[in-house]
Amino acid sequence: MMHNEVERSGPLDGLRVLDLTIAMAGPMCTQRLGEMGADIVKIEAPGGGDFARHAIMAGVTKFGDAICYVTLNRNKRSLVLDLKSEAGRKVLYGLVKDADVLVQNYRPRVAAKLGIDYASLSAINPRLVYGSITGYGDEGPMKERPGQDLLLQAFTGLTFNGGVRDGLPQASPLYMVDVTASHLLGEGLLAALVARGVTGRGQEVKVSMMAAITEMQCQEVTSFLAAEAPPQRGAAPQVSIYQEPPYGIHACRQGFLAIAQADLDVLAKALELPELADLKAARPSQDDAAALTEWRDRVVIMVANRLAEETAEHWDGLLAPLGVWCIVVNDYAAFLAHPQAKALLTEMEHPKGGRYTTVAPAIRFSGQSAPALTSAPAYGADSRAILEAEGFAASEIDALIAQGAVVAA
């Protein structure tokens, strides 16, 4: 058995995926395919490979790599190829002949420049399913701009959906655009594999991060386009101006309470605020944006002031049984200590020695145990073994390494 390889099982057992991705969206997508049983060959560039190896989050490194890389690249093997060299591209073309899927997230012009675009590779293997993630798509004035999560949140209008009128736009602290794009591409690849089973031919699957985060905002965007007077940010802080107040997080005497959905009549009775029921009845017309914004502020402030008088645990215990969708706000320490979170984590061993805890695969299949997991591969750790399995003689591999077309740890 090769380094960092497991006895694979799962619905994608037998599929070979060539992973030319970096950062988060692409690697998360291919990691998920690996957890479903596919054989993932991560093809990295000379000079350090995936920059996520060096993208330190919160100052945390583990086993010589940034924890971001370790988190997003399990169940893969690392082959280092110089795709700018003719020899390196020839090696890739050989791998493509037997591959089922190839995924890349280069900027639009780069793949064609390297000769690894869909047109070039499908000519080698017509059954190849080819996936790509871009920032803003293949066309338009933004296509060469960097597709980074915060920038996409800012560009697509999302950051003005919460907060206060004169305050800063509010971005998600998570890489929500990357995660959404990774899921969409995974869905598209699986659909293309199903289609290939019928037609015998592969196809290209394209996802842009811009399209991913726009689809994620489909309710808000459609509401904006349909509204006579689109909602506005007001004086009271709100998580979303597209949700009915008091949707959001509220400070309590101890802790914080999140409220998602609540009938104001139910809240009025539970909180002993009869004036809240009067407010509900006095809701302004939907086409009067200014009056509606002021009304929202009054609801949020009235509820917030009352919630501040008792603890979050008190309010959760009182309101949840009444059908109010609410919950006590946790930090990571509280959430991960909760018994509900136990099944979400898994402990893994790194080939360099040492164990670490991370998030377990989220998808489960009936009749199968949890997938066997291997840690993210060291840079170039599997280059020689992968090429040997492809039929390269030791002398040929040595020559490729001497040329710099291949890097082997």
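The values are calculated or read from the model by the stated rules, or taken from the named source; none is laboratory data. Here the structure is a predicted model, which means the values were calculated and not measured. Here the Cβ positions follow ideal geometry from the backbone for every residue, glycine too, while neighbour counts run over all protein chains shown.
Hey, could you check region 374-409 for residues that are touching a Gly at 6+ places or on another chain (Cβ under 6 Å) and of a type in the set (A, V, I, L, M) and say which is modelled with the lowest pLDDT?
Among them, the one singled out is Ala409.
How many residues does region 332-352 contain that are touching a residue at least 12 places away in the same chain (Cβ under 8 Å) and among the small types (Gly, Ala, Ser)? Walk me through how you get there before you give the answer.
Here is the first cut: in region 332-352, the residues touching a residue at least 12 places away in the same chain (Cβ under 8 Å) are 343-346, 348-352.
If we keep only those that are among the small types (Gly, Ala, Ser) too, we end up with 343.
The total comes to 1.
Of everything in region 204-251 that's under 18 Å from the mean Cα position of the chain (by Cα) and among the β-branched types (Val, Ile, Thr), which residue is farthest from Val303 (Cα to Cα)? Step through it out loud before you land on a result.
Just the residues of region 204-251 that are under 18 Å from the mean Cα position of the chain (by Cα), to begin with: 205-218.
Subsequent filtering for residues that are among the β-branched types (Val, Ile, Thr) retains 205, 207, 213-214.
Numbers: Val205: 47, Val207: 42, Ile213: 31, Thr214: 32 Å.
Here the answer is Val205.
Got a number for residues in region 160-178 being of a type in the set (Val, Ile, Thr) and farther than 11 Å from Arg233 by Cα? Lay out the reasoning, then the answer.
Start the filter on region 160-178 by keeping residues that are of a type in the set (Val, Ile, Thr), which leaves 164, 177.
Filter once more, keeping what is farther than 11 Å from Arg233 by Cα: 177.
The number of residues fulfilling the criteria is 1.
Would you call Ala195 in the same structural domain as Leu150 (by TED's automatic domain parsing) and within 23 Å of the chain's Cα centre (by Cα)? Steps first, please.
Numbers: in the same structural domain as Leu150 (by TED's automatic domain parsing): yes; within 23 Å of the chain's Cα centre (by Cα): no.
So Ala195 does not fit the description; no.
Modelled with pLDDT under 95, over 25 Å from the mean Cα position of the chain (by Cα) and loosely packed, with under 13 Cβ neighbours inside 10 Å: which single residue out of Gly367, Gly323 fits that description?
Values: Gly323 fails: modelled with pLDDT under 95.
Only one candidate passes the filter, namely Gly367.
Restricting attention to region 303-351, which residues are of a type in the set (Gly, Ala, Ser) and farther than 30 Å from Glu275 by Cα?
As a first pass, look at region 303-351 and keep what is of a type in the set (Gly, Ala, Ser): 304, 308, 312, 317, 320, 323, 333-334, 337, 341, 343.
Matches in region 303-351: Ala333, Ala334, Ala337, Ala341, Ala343.
Six or more apart or on different chains, Cβ under 7 Å: which pairs go from a residue in region 17-33 that's touching a residue at least 40 places away in the same chain (Cβ under 8 Å) to one that's among the β-branched types (Val, Ile, Thr) and assigned to a loop (DSSP other than H, G, I, E, B)? Could you list them?
Every condition considered, the pairs that remain are Pro27/Thr21; Thr30/Thr21.
Do we have Ala270 as touching a residue at least 40 places away in the same chain (Cβ under 8 Å) and buried (at least 16 other Cβ atoms within 10 Å of the Cβ) here? Explain how you work it out, then say what you get.
Numbers: touching a residue at least 40 places away in the same chain (Cβ under 8 Å): yes; buried (at least 16 other Cβ atoms within 10 Å of the Cβ): yes.
Yes.
Here is a list: Glu309, Glu347. Which entry is loosely packed, with under 15 Cβ neighbours inside 10 Å, of a type outside the set (Phe, Trp, Tyr), more than 30 Å from Ala87 (Cα to Cα) and touching a Ser or Thr at 6+ places or on another chain (Cβ under 7 Å)? Please lay out each step first, then the result.
Numbers: Glu309 fails: touching a Ser or Thr at 6+ places or on another chain (Cβ under 7 Å).
It is Glu347.
Within region 41-88, track down each residue that is closer than 23 Å to Arg16 by Cα and aromatic (Phe, Trp, Tyr).
Tyr69
Quick one: is Glu187 closer than 27 Å to Pro11 by Cβ and either more than 16 Å from the chain's Cα centre (by Cα) or not polar (S, T, N, Q) (or both)? Walk me through how you get there before you give the answer.
On the way: closer than 27 Å to Pro11 by Cβ: yes; either more than 16 Å from the chain's Cα centre (by Cα) or not polar (S, T, N, Q) (or both): yes.
Yes.
Report, by residue number, each residue of region 34-60 that is of a type in the set (Asp, Glu) and without any contact (Cβ under 8 Å) to a residue 40 or more places away in the chain. I'd like the intermediate steps shown before the answer.
Let us first name the residues in region 34-60 that are of a type in the set (Asp, Glu), namely 35, 39, 44, 50.
Passing the criteria: Asp39, Asp50.
Among Ala119, Ala171, Ala181, Ala123, which is modelled with pLDDT of 95 or more and either crowded, with 19+ Cβ neighbours inside 10 Å or touching a Cys at 6+ places or on another chain (Cβ under 7 Å) (or both)? Even if it seems obvious, please write down each step before you answer.
Working: Ala119 fails: either crowded, with 19+ Cβ neighbours inside 10 Å or touching a Cys at 6+ places or on another chain (Cβ under 7 Å) (or both); Ala171 fails: either crowded, with 19+ Cβ neighbours inside 10 Å or touching a Cys at 6+ places or on another chain (Cβ under 7 Å) (or both); Ala123 fails: either crowded, with 19+ Cβ neighbours inside 10 Å or touching a Cys at 6+ places or on another chain (Cβ under 7 Å) (or both).
Within the list Ala119, Ala171, Ala181, Ala123, the selection yields Ala181.
Give Glu220, Glu215 a once-over and let me know the one that is part of a helix (DSSP H, G or I), of a type in the set (Asp, Glu) and exposed (fewer than 14 other Cβ atoms within 10 Å of the Cβ). Step through it out loud before you land on a result.
Working: Glu220 fails: exposed (fewer than 14 other Cβ atoms within 10 Å of the Cβ).
Only one candidate qualifies: Glu215.
Hey, does region 173-183 have a residue that's part of a helix (DSSP H, G or I), over 21 Å from the mean Cα position of the chain (by Cα) and assigned by TED's automatic domain parsing to the domain that holds Thr21? Don't jump to the end; show me each part of the working.
Step one: list which residues in region 173-183 are part of a helix (DSSP H, G or I), which gives 176-183.
Then drop every residue that is not over 21 Å from the mean Cα position of the chain (by Cα), which leaves none.
No.
Is there a residue in region 39-60 that is surrounded by fewer than 19 Cβ atoms within 10 Å (Cβ to Cβ), closer than 18 Å to Ala360 by Cβ and over 20 Å from the mean Cα position of the chain (by Cα)?
The initial filter retains those residues of region 39-60 that are surrounded by fewer than 19 Cβ atoms within 10 Å (Cβ to Cβ), namely 45-48, 51, 54-60.
Remaining after also requiring closer than 18 Å to Ala360 by Cβ: none.
No, that holds for no residue.
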